[in-house]
Amino acid sequence: MKTSTLFTIKVEDAYRKISYDPLTKEGMVFLEKDHQQTISEQIVITEIPAPPFKEQKRAEYVLGRLKELGLEDCRMDSEGNVFGIRRGTGNGPKIFVTAHLDTVFPEGTDTTVKEKDGILYAPGIVDDTSGLAELLSVIRAFKETGIKTVGDIIFGGTVGEEGLGDLRGVRAFFNAHDDIDGFISLDGPEISQICYKGTGSFRYKVAYQGPGGHSFGAFGQPSANHALSRAAAGIADIETPDNPKTTFTVGEIHGGTSVNAIAEEAFMYVDLRSNEPEELLKLEKRFLEIVQKSVEDENARWNSDQMTVKLEKIGDRPAGSQPDDAVIVQVTCAATEAMGITPKLSGPGSTDSNVPISLGIPSITLGKGGKTGGTHTLGEWFDPAGSYVGPQRAFLVILGLVGAEAVNEPLLAKRSQSV
């Protein structure tokens, strides 16, 4: 392994030891041989629907697999997350390795997997079903080799990562666990990618209420559609910085009952994002000012006070960052290079890692193996050729972080020792 500017000599030396260890080699070989089992399991999981807020059937299946693979203290928590623990030899860091259970697709979506020319097609075949399948393969590798890690590893699946789930699963997990020293999310395409920064987002439902009436007979009354349109136009004219990247969109608009009626009700969903918490708050302040002014202007136009607006914050994903040379980033880069893959530090993302990053817990989101396309569409597809490199990399990253008895000390410090 050549020295890289992305990691220190200490990390490089640890990965030299890890790579030469016979049990590590055995695990890497097993993961390649386990490829077909991993893909078969991915297909099974894909065909268990997991629409937003209705992940229980898939969660129960994954929980059963965690138990069968010999993890201890397997459970489903009150939020619907499932997890179990593989204990280390003692006094090492404790990490949580996860993939999310939910998909973006609504209840009733046909998730039957179809194969054509070696490519698998189905809604949710990738995001994040491939992460769940990789996670189970990694657990099998630890079971097969019997490697004794120094630190504890919690493996599991989280709910509520997508859409209006608002990271509710990972939030609940960290609200209930204050002893986690590191976090790995298996999510996202491209095996070389390492996401270690979180894009924050606020999401709002903005609902207007007015008197309504006939378009001709009641003309002169304020319109909910018109008030909403004033706000949407104002939002569209907001200027945001390129760096840190800060964005907005009016994602959905609903309102009115008929072409010849003054709209009594209208609402829209708005998404605000930034890579920096301060810019996100500035954007939110401007957005709220525009919404309030839209009501005032619509009432003033018709000399009325009957137009009102109700705002509901339906999403709050925290932003967060870590140094480029954070230990967890160095470890992941070293593990990636150990496989002959050039690591790529990606820009901030919106994943389960946002929550622990915002809490100061070392966290990464790892791109998975295989080629993918059509994510979040009914035409989502997955090319499984060589995708075993995903669980192989996760396996190496975990070994570096928690350490292996008689091979390497944990590179990740316990938080109680690093403060």
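The values are calculated or read from the model by the stated rules, or taken from the named source; none is laboratory data. Since we're looking at a predicted model, the values are computed, not measured. When we count neighbours, we look across all protein chains shown, and the Cβ atoms used for this are built from the backbone with ideal geometry, even at glycine.
Side notes on the structure shown:
- Just so you know, in the range 136-146 the residues that are within 14 Å of Leu399 (Cα to Cα) and aliphatic (A, V, I, L, M) include one that is farthest from the chain's Cα centre (by Cα), and it is Ala141.
- Considering residues of the range 1-37 that are surrounded by 16 or more Cβ atoms within 10 Å (Cβ to Cβ) and either of a type in the set (Asp, Glu) or within 21 Å of the chain's Cα centre (by Cα) (or both) only, the residue farthest from Gly118 (Cα to Cα): Glu12
- Wholly enclosed strands (runs of 3 or more DSSP E) of the range 321-419 bearing at least 3 residues crowded, with 24+ Cβ neighbours inside 10 Å: 363-366
- Leading residue by the ranking (nearest to Asp166 (Cα to Cα)) among those in the range 307-338 that are under 22 Å from the mean Cα position of the chain (by Cα) and hydroxyl-bearing (Ser, Thr, Tyr): Ser321
- Gly212 vs. criteria of a type in the set (Gly, Ala, Ser) and surrounded by fewer than 20 Cβ atoms within 10 Å (Cβ to Cβ): yes
- Selection status of Gly90, more than 16 Å from Gly165 (Cβ to Cβ), assigned to a helix (DSSP H, G or I), in the same structural domain as Glu405 (by TED's automatic domain parsing) and among the small types (Gly, Ala, Ser): no
- Considering the conditions (1) in a loop (DSSP other than H, G, I, E, B); (2) surrounded by fewer than 19 Cβ atoms within 10 Å (Cβ to Cβ), Pro49 is excluded by exactly one of them, (2).
- Elements of type strands (runs of 3 or more DSSP E) in the range 144-251, at least 2 residues being farther than 21 Å from Ala133 by Cα and not assigned by TED's automatic domain parsing to the domain that holds Asp73: 200-209
- Boolean, Ile85 is assigned to a loop (DSSP other than H, G, I, E, B), of a type in the set (A, V, I, L, M) and in contact (Cβ under 8 Å) with a residue 12 or more places away in the chain: no
- Here Ala133 does not fit the description of being touching a Pro at 6+ places or on another chain (Cβ under 8 Å), aliphatic (A, V, I, L, M) and within 17 Å of Val389 (Cβ to Cβ).
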